[in-house]
Amino acid sequence: MTTAQTPRGINHVVLNVRDIEVSHRFWTEIMGFRCVAELKPRPDRVRPKMRFYSGVSGSGDWSLMGGGVGLNHVAIAWPDRESWLRQLEFLREKGVTFHRRINHGMTHSVYISDPDGHGIEVLYELPREVWEHDIDAAQNYAEVLPTDGPASLVDRVDNPVFN
């Protein structure tokens, strides 16, 4: 492959903040977003405090677990599974390291970083009918996948449905 695949657009931005409650009030009361989900604690692993907001009407070494205040990562969405898989292959061919590979309940994602260490989530969205009835459960779903070798370029299509 000789060219990058054109993404559909920015899917989301994750911010590390000083005070999650102050930020919550800003994004909901000042900016008008809705809090649609929050990561729940899990006994089997450390999870960051994270809330998810929607503005849609109707329904160095980068680390996903955060660090200081500032931008954690930007999520870029590809229009469909096929173009996303082609982009992953392109990234591999260019020597880009996959930090994490996760099938979320709403997206299938690979986390990489740019040359300055800014986090980037490369994703495609699953069909809305998979997650629209329980966004909170979909956001809390995470299937960790291989980041190296041929298995890092395999994507399953038998996704759980969240009702």
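Throughout, read-outs are computed from the coordinates displayed, never taken from laboratory work. None of these values were measured; they are calculated from a predicted model. Cβ placement follows ideal geometry from the backbone for every residue including glycine, while neighbour counts extend to all protein chains displayed.
Between Glu38 and Met1, what is 0.36 nm times their sequence separation minus the Cα-Cα distance? Round to one decimal in nm.
Additional length available on full extension: 9.5 nm.
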Per-residue HN-Hα couplings for region 101-106, Karplus 6.51 cos²θ - 1.76 cosθ + 1.60 at θ = phi - 60°, whole Hz, x for Gly and Pro?
10, 9, 8, 8, x, 10
Working from the alpha-carbon coordinates of the chain, get Rg over Rh, Rh being the Kirkwood radius.
0.95
Amide H neighbours of Val36 at under 5 Å, excluding residues fewer than 5 places away on the same chain, with H built from the backbone geometry, are Phe52, Tyr53, Ser54
Residues of region 112-132 with backbone N under 18 Å of the label point set 7 Å from the Cα of Ser83 along Cα→Cβ are 121-128
How long is the gain from Ser54 to Ile30 if the chain were fully straight, where each residue apart is worth 0.36 nm and the alpha carbon distance is subtracted?
7.3 nm
Ranked list, fewest to most other Cβ atoms within 10 Å of each Cβ, for Asp136, Asp158
Asp158, Asp136
Let's see if you can work this out: charge +1 on each Lys and Arg Cβ, -1 on each Asp and Glu Cβ, no other charges. What is the dipole magnitude of the chain about its Cα centre, in debye to the nearest 20?
240 debye
Charge context of Phe52, other residues only, Cβ under 9 angstrom, K/R +1, D/E -1
-1
